[in-house]
Amino acid sequence: MPKTSVADLFAETLHLAGVERIYGVVGDSLNGLTDSLRRQGKIEWVHVRNEEAGAFAAAAEAQLTGKLAVCAGSCGPGNMHLINGLYDAHRSRVPVLAIAAQIPSGEIGSNYFQETRPEALFRECSVYCETITTGEQMPRTLDTAIRAATGHRGVAVVAMPGDVALTSTKGVLARNGGALLPAAPVVVPGEGGLAKLAALLNDAGKVTILAGRGCRGAHTQLIAIAQRLQAPVVHALGGKEFVEYDNPYDVGMTGLIGFSSGYDAMMGCDTLLMLGTDFPYRQFYPEQAKVVQIDLRPENLGRRTAIDLGVVGDVAATIDAVLPRLTTGRDGAFLADARENYAKARKGLDELAHGKPGSGILHPQEVARVVSDLASDDAVFTADVGTPTIWAARYLKMNGRRRLIGSWNHGSMANALPHAIGVQATAPGRQVVSLSGDGGLAMLMGELLTVRQSGLPVKIIVFNNGTLGFVELEMKAAGMIETGVALDNPDFAAVARAMGIHGVRVTDPAHVRAGVAEVLAHPGPALLDAVTARTELSMPPKLTLEQMTGFTLYAAKAILSGRGDAVVELGRTNIGLIGSLLGR
């Protein structure tokens, strides 16, 4: 049997698994692999400026396609930079393979230059993490890692010393892609589980559905069961792109960034049906209602709130199986009230997204609304954690073709631009829009160079409010004077132009539509620096007494400390929101 190098066989296996690109930063411990990729010419190397961005990009590719994506880092600091992005991928439950190069095998354990312990570093953010120590071991270890990542929908890490990659091996490829990547099963509850589920739902009066990202591919079934139960549908953030569109039963979101209508529908039901969601905020669950949860992952059942029935199953298949057992002719009064509440809440939110030309106050809501209006019908949006996520959740309109990707579970800053890089590299023909916070963009600003050098036509919308906005809001809600949140930003449009990216800056509502249109229409990468109001409030659907007391306490402290102008600006910027709150 002829011998080949470990690196050559490694690259061939990745190609067999359908891998088309690897995101990373090269280094000597990766030289064997990168040279194999170059010679074979089957897999693209996407050169990012920071390995963290490479891991984020791989996570976004996996979110977009559902298929295995790959990132890599050289030994020591190189693969340590991967960790934050891998946590994002792991908590997003998407299949990512991370290649963590290692120091020369004979030096392991000697406190060698750049020595780390990848097995320990990555254990908490992976479903599989092992080191390849010999050429003969590599094929089985890599095959196992690929199956673990795709089967468990998580991160698998393979560490490999650079010298091992260069050795010869008699190892062989998997027989074919089907053997390497077996089809995922469709899980349906047994007869007993379906009978219990149907009985509980048939006995229910006012049902509300809470739908999450587990409803991907189940839009038709979701509409059918909502119609049968006459149930309003509240969507979690992760479910927005799969649930909200073409859905007359949708009444918005609940939670910290949700709507009053979603909150009221949850709290007013006597039975809550959870479909494919692990919505984490326990204070937004009803305390008196019965709770039924359907989820493909048994560990999610009952994790957030006490449940009366838990069913393990694929959402679409389970609804198909239980729907014929559900009675018809239900009263629709609860649904009608919920939809009326949603119409009022939606109207209030939409009114906040229109500024006054010439006022000098540019509301971020208006920027997000205009982006949604002008973006392509199949655009992919990525959103930074913090206030950009709020505006995306409230103002981006989904249609079944658009996608929305973010760090919804890990909650990391600086995710939007690297996510956009991964999406654009994967789908070069689609419009990709990064909704970036000024803090998030600045944290990994070097990735603007990745966008330019790789020729990726990403559109970057920067919400430039000069602060870590959501953190500032949390401080005010707790009655604190904001500290350490101010951002002394440059002109981001000028920075973009200096990097070879088309840059546009807007500061007033009069120029928003033209600015967004110019950026979206530009054939290459482009950036819009939208200088928005710093003091924009983003209220949760239900203000607690503690939060109201906190805002009052903040105002008093600000005045006493000579910051009365900040209180005046807060009121001036949010006059519409304050009026709507008083009118509830």
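Picking from residues in the stretch 473-506 that are without any contact (Cβ under 8 Å) to a residue 24 or more places away in the chain and out of contact with any strand residue (DSSP E or B) (no Cβ under 8 Å at 6 or more places or on another chain), the one that is surrounded by the fewest Cβ atoms within 10 Å (Cβ to Cβ) is Asp488. The requirement of being part of a strand (DSSP E or B) and among the hydroxyl-bearing types (Ser, Thr, Tyr) is not satisfied by Thr277. Here Ala427 meets each of (1) crowded, with 18+ Cβ neighbours inside 10 Å; (2) within 19 Å of the chain's Cα centre (by Cα); (3) within 21 Å of Leu396 (Cα to Cα) with one exception, condition (1). Does the stretch 129-138 include one or more residues that are assigned to a helix (DSSP H, G or I), buried (at least 16 other Cβ atoms within 10 Å of the Cβ) and in the same structural domain as Glu61 (by TED's automatic domain parsing)? Yes: one or more hits.
Only residues in the stretch 47-70 that are under 13 Å from Ser407 (Cα atoms) and outside the structural domain of Val157 (by TED's automatic domain parsing) count as the first member; pair them with residues that are among the charged types (D, E, K, R) and surrounded by 24 or more Cβ atoms within 10 Å (Cβ to Cβ), Cβ under 9 angstrom, at least 6 apart or cross-chain, and list the lot. Taking only residues 6 or more apart or on different chains, not a single pair turns up. Against the list (1) under 20 Å from Asp350 (Cα atoms); (2) at pLDDT 95 or above, the condition Gly302 fails is (1). Scoring Asp320 on the criteria (1) of a type outside the set (A, V, I, L, M, F, W, C); (2) out of contact with any helix residue (DSSP H, G or I) (no Cβ under 7 Å at 6 or more places or on another chain); (3) over 27 Å from Tyr342 (Cα atoms) leaves a single failure, condition (2).
The set of residues in the stretch 486-499 being within 13 Å of Val458 (Cβ to Cβ) and part of a loop (DSSP other than H, G, I, E, B) consists of Met499 alone.
The residue that is surrounded by the fewest Cβ atoms within 10 Å (Cβ to Cβ), counting only those in the stretch 180-191 that are assigned to a loop (DSSP other than H, G, I, E, B) and not small (Gly, Ala, Ser), is Pro185.
Regarding Ser376, is this residue loosely packed, with under 15 Cβ neighbours inside 10 Å, assigned to a loop (DSSP other than H, G, I, E, B) and modelled with pLDDT of 95 or more? Here the answer is yes, as Ser376 does meet what is asked. Counting only residues that are in contact (Cβ under 8 Å) with a residue 60 or more places away in the chain and touching a Ser or Thr at 6+ places or on another chain (Cβ under 7 Å), the stretch 11-27 holds 1 of them.
For the stretch 280-328, the set of residues classified as touching a residue at least 12 places away in the same chain (Cβ under 8 Å), in a helix (DSSP H, G or I) and under 27 Å from the mean Cα position of the chain (by Cα) consists of Arg282, Phe284, Pro298, Asn300, Val315, Ala316, Ala317, Thr318, Ile319, listed by residue number.
Only residues that are free of Cβ contacts under 8 Å to residues at least 40 places away in the same chain, assigned to a helix (DSSP H, G or I) and buried (at least 17 other Cβ atoms within 10 Å of the Cβ) were counted in the stretch 192-241, giving 3.
Figure legend. Inter-residue proximity from the stretch 431-457: first residues touching a residue at least 24 places away in the same chain (Cβ under 8 Å), second residues among the β-branched types (Val, Ile, Thr) and in a helix (DSSP H, G or I), beta-carbon distance below 7 Å, spacing 6+ or different chains. Indicated pairs: Val432/Val423; Val433/Val371; Gly437/Thr387; Glu447/Ile421; Thr450/Ile421; Val451/Ile421; Leu456/Ile421.
Taking the criterion of being surrounded by fewer than 19 Cβ atoms within 10 Å (Cβ to Cβ) and assigned to a helix (DSSP H, G or I), the residues of the stretch 350-371 that qualify are Asp350, Glu351. If you go through the stretch 242-251 and keep only what is assigned to a loop (DSSP other than H, G, I, E, B), in contact with a strand residue (DSSP E or B) (Cβ under 7 Å, 6 or more places away or on another chain) and not β-branched (Val, Ile, Thr), you end up with Glu244, Asn247, Tyr249.
The values are calculated or read from the model by the stated rules, or taken from the named source; none is laboratory data. All values derive from a computational prediction rather than experimental measurement. Every residue, glycine as well, gets a Cβ built from its backbone with ideal geometry; the counts of neighbours run over all protein chains shown.
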